[in-house]
Amino acid sequence: GDVVDVTLINATAIAGTRSLDGTSGGNAGDGVKITANDASGVSIGTFAVSGSDLSVNGNLGNGLTVDFNAVIGITSFDLSGMVITNNAGDQVSATFTDMPDPLAISFDDATATGPGGGGATGDGIDLTIDNTIATSLDLNRINASSNGGDGLKLTLLNGAVIPSTSIDVGTFNNNGGNGIGINVTSSTAEIDITNSTFDLLGTVASASFN
């Protein structure tokens, strides 16, 4: 199962700063899983994630899973510079639904590479923004290759709003799905993809828009 599995429910209130760091690898489930998705109004003072301090590699599930619904007090999610590799599921799965506070989100300089071969099914970075406003979305210089699904999967739902965003100098090669998969439903987005590669086993994987 999951080695670090934290579930917050029933309007739990946590004061102060809560940080994710340490090592959790080689597990049968996810490396680290943080869930607060019952929409009860869980409150967290500050949720600090440092990609450089968190090692969640080589798990049979996801490396890192964060699933927040209507969580109060979260204003940023920063995994810039993270290196998460060789998980059979998603390297990172992050879902933000009905968040009351606008979010600054960054995956700049992130590495999210899978194990390659036929044993992996997940995406490199699976980011869902659902009825939530992002004040910034930084997706530059990402290496998301050799995953079983998409390299970068970005899903915007139900009135999600992101500012004008660029995906620049990215590498999204040898993934089983798209290099970049973008799904937009009833949301507002302007995304430019520049100076990036999308090779998939010698062919080109395109970004998909729904």
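The values are calculated or read from the model by the stated rules, or taken from the named source; none is laboratory data. This structure is a prediction, so every number in the text was calculated from the model and none was measured. So basically every Cβ, Gly included, is an ideal-geometry build from the backbone, and we count neighbours across all protein chains shown. Areas reflect the complete protein model, heavy atoms only, side chains present, ligands, DNA and RNA absent. Shrake-Rupley method; radii C 1.70, N 1.55, O 1.52, S 1.80 Å.
Results, tabulated for the structure shown:
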| quantity | calculated |
| --- | --- |
| Qualifying positions in the stretch 151-173 - open to solvent by 10 Å² or more (accessible area, probe 1.4 Å) and within 12 Å of the chain's Cα centre (by Cα) | Lys153, Thr155 |
| Subset tally (residues that are surrounded by fewer than 20 Cβ atoms within 10 Å (Cβ to Cβ) and touching a residue at least 40 places away in the same chain (Cβ under 8 Å)) for the stretch 89-106 | 3 |
| Pair list, Cβ under 6 Å, 6 or more apart: the stretch 52-63 residue over 16 Å from Asp126 (Cα atoms), other residue part of a strand (DSSP E or B) and not polar (S, T, N, Q) | Asp53/Asp21; Leu54/Leu20; Leu54/Asp21 |
| Scope the stretch 141-166; condition in contact with a Ser or Thr (Cβ under 7 Å, 6 or more places away or on another chain) and assigned to a strand (DSSP E or B); matching residues | Asn143, Thr155, Leu156, Leu157, Val161, Ser166 |
| Residue in the stretch 31-42 that is closer than 18 Å to Asp90 by Cα, open to solvent by 40 Å² or more (accessible area, probe 1.4 Å) and modelled with pLDDT of 70 or more present | yes |
| Test for Val204: is it modelled with pLDDT under 95, over 26 Å from Ala88 (Cβ atoms) and hydrophobic (A, V, I, L, M, F, W, C) | no |
| Residue match in the stretch 167-177 (condition: under 19 Å from Asn59 (Cβ atoms) and assigned to a loop (DSSP other than H, G, I, E, B)) | yes |
| Leading residue by the ranking (nearest to the chain's Cα centre (by Cα)) among those in the stretch 65-88 that are farther than 15 Å from Leu127 by Cβ and crowded, with 24+ Cβ neighbours inside 10 Å | Asn87 |
| Residue list for the stretch 46-57, filter: modelled with pLDDT of 70 or more and surrounded by fewer than 17 Cβ atoms within 10 Å (Cβ to Cβ) | Asp53 |
| Conditions (1) under 21 Å from Gln91 (Cβ atoms); (2) open to solvent by 30 Å² or more (accessible area, probe 1.4 Å); (3) outside any loop (DSSP other than H, G, I, E, B): number failed by Ile182 | (2) |
| Subset of the stretch 107-137 [buried (at least 19 other Cβ atoms within 10 Å of the Cβ) and closer than 17 Å to Ile74 by Cα] | Phe107, Leu127, Ile129, Thr132, Ala134, Leu137 |
